[in-house]
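Asker: This is the structure I have questions about; it appears just below.
The values are calculated or read from the model by the stated rules, or taken from the named source; none is laboratory data. Here the structure is a predicted model, which means the values were calculated and not measured. So basically every Cβ, Gly included, is an ideal-geometry build from the backbone, and we count neighbours across all protein chains shown. Note: areas computed on protein heavy atoms with side chains; ligands, DNA, RNA excluded. Shrake-Rupley method; radii C 1.70, N 1.55, O 1.52, S 1.80 Å.
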Amino acid sequence: MESLRGIIIGSGHFAQIQMDAWAHVKGGEIVAIVSKDVEGANKLAMEHQIPFSGADTDIYSLIEKLNPDFLDICTPPATHFQYAKIAADYGIPVLCQKPVAPSQEESEQLVSYCRDKGVPIMINENWRWQGWYREIRRIIDSGQLGRLFRVYFSMRPGDGFGQSPYPMQPYFKDMEKFLLYETGVHWVDTFRYLFGEIERVYCQTNTWNPLIKGEDAAIVLFNFVNGMTGIYDANRVVYTEEVRPPTYGWMNVEGEFGNLRLAEDGRIFITLRGATEQEHVYEIPEGWKGGSVISTHQHFIDGLLSGDRDYFETEGEKYMISQRIVYACYQSAKEQRVVSCLGGTYEAMARNARN
């Protein structure tokens, strides 16, 4: 069977990570790279032996010439709708990076546009595909921890301090909404994957580095539909021994029969009731952050081959819930009150969720 062929738009920091991942995906490949940075696109194409590259304005001619099976959008959020619309107008399935768009309204419009055109869209949310989270989900599903009561995640990447914060992605400094919008959404989505739907949030934010426009610290209290509580405690300025460790921090999960601890290097430890802590040995997949990007792309290709758009764990409409919760966090921080995440079109989906 021939591989599905795609065009990737973008040649920045994460496009490099995605191209490394595409080399390991079965049934799918990138055949062209385009970008506003033409030199960057040509360089990335040469490095990965991709036959076609050029400016983002070449996308129309390349679509006509190559008849691709999908479009991989790996650019800043402000351009996502523009490129997704091109793909949808041609009837080409879309893999779109997060954040989906600069606002929730535009994100909803992007997803709706693809839906109305009958084009599958999956949001490239790779966090839930990190090897340690897939393993933690297997542990939870096995029942050995019993009923879950609480999760705590301390996010400490340590890359926002000083006069040159976020050197890998310097545009972070100019984002009006930053930590929750760009990074926190990863944990919102991963918490939903691991623990079920979120009913209410209470959030506080802060900006510690005066060189950036948006928030670089946040604490969010989550109330899940199943009664569980969660805390996301994030700060990108505070000192950490290793900058941007594999997990970006550490996590504790408390359950009826035992507790689980995720370390910064991806190792998992379990303490069952009446016993001492033991390492849960498992094989961490190769690749960026526990093979997360490889697994995400493989999931996208498998979904396209299945012909079932509901196959995608982060299909556009499903992922809008995660973004909606992020904006509920901002509302909570602004108004200093608990904000409900349910209601509207998402109520039934949340109530009928896994937990």
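Asker: Report, in degrees rounded to the nearest 10, the 0 to 90 angle that the Cα long axis of helix 316-335 makes with the longest principal axis of the chain.
Answerer: Long axis of 316-335 versus the principal axis of the chain: about 50 degrees.
Asker: Here's something else I'd like to know. What is the spin-label model distance, in nm, from GLN336 to THR229 if the labels are put 7 Å beyond Cα along the C-beta direction?
Answerer: If labels sit at GLN336 and THR229, their model points lie 2.1 nm apart.
Asker: In whole Hz, with x marking every Gly and Pro, tabulate ³J(HN,Hα) for the stretch 138-143 from phi via Karplus 6.51 cos²θ - 1.76 cosθ + 1.60, θ = phi - 60°.
Answerer: With the stated coefficients, the stretch 138-143 comes to 5, 5, 4, 5, 5, x Hz.
Asker: Send over a whole-number figure in Å² for the accessible area per residue of the chain, probe 1.4 Å. Show your work: numbers first, answer last.
Answerer: Working: 15380 Å² over 355 residues.
I get 43 Å² per residue for this part.
Asker: Still on this structure, I have one more. Take the Cα radius of gyration of the stretch 246-314 and divide it by 2.2 N^0.38 Å, with N its residue count; two decimals is plenty. Spell out each step's value before the answer.
Answerer: Values: Rg = 16.2 Å, N = 69, 2.2 N^0.38 = 11.0 Å.
Normalised Cα radius of gyration, the stretch 246-314: 1.47.
Asker: Assigning unit charges at the beta carbon (Lys, Arg +1; Asp, Glu -1) and nothing else, what dipole magnitude in debye, to the nearest 20, does the chain show about its Cα centre?
Answerer: 760 debye
Asker: Dimensions of the stretch 4-124 along principal axes (Cα, Å, largest first)?
Answerer: If we take the Cα atoms of the stretch 4-124, the spans are 37, 27, 26 Å.
Asker: Distance from the Cα centre of the stretch 86-143 to that of the stretch 9-58, in angstrom?
Answerer: 20 Å
Asker: Okay, moving on. Once amide H atoms are placed 1.01 Å from N in the peptide plane, what residues at a sequence separation of 5 or more from VAL338, or on another chain, have their amide H within under 5 Å of its amide H?
Answerer: Excluding prolines and chain starts, which carry no amide H, there are no hits.
Asker: Under the √(5λ) rule applied to the eigenvalues of the Cα gyration tensor, what semi-axes describe the equivalent ellipsoid of the stretch 104-226? Give them in Å, descending.
Answerer: Those come to 27, 23, 15 Å.
Asker: In whole percent, how big is the carbon plus sulfur part of the accessible area of the chain, probe 1.4 Å, protein atoms only? Don't skip to the end; give the middle numbers.
Answerer: Details: 7750 of 15380 Å².
About 50 percent, which is the carbon plus sulfur part of the accessible surface.
Asker: Could you pull out every Cys in the chain that lacks a partner Cys with its beta carbon under 4.7 Å away?
Answerer: Lacking a cysteine Cβ partner under 4.7 Å: CYS74, CYS96, CYS114, CYS341.
Asker: How large is ³J(HN,Hα), in whole Hz, for each residue of the stretch 21-33 in order, when computed from phi with the Karplus curve 6.51 cos²θ - 1.76 cosθ + 1.60 and θ = phi - 60°, using x for Gly and Pro?
Answerer: Listing the rounded values in order: 5, 4, 5, 10, 8, 8, x, x, 8, 9, 10, 7, 10 Hz.
Asker: Let me ask something else about it. Please report, in cubic angstrom per residue, the volume enclosed by the convex hull of the alpha-carbon atoms of the chain.
Answerer: Working: hull volume 49.6 nm³, N = 355.
Each residue corresponds to 140 Å³ of Cα convex hull volume.
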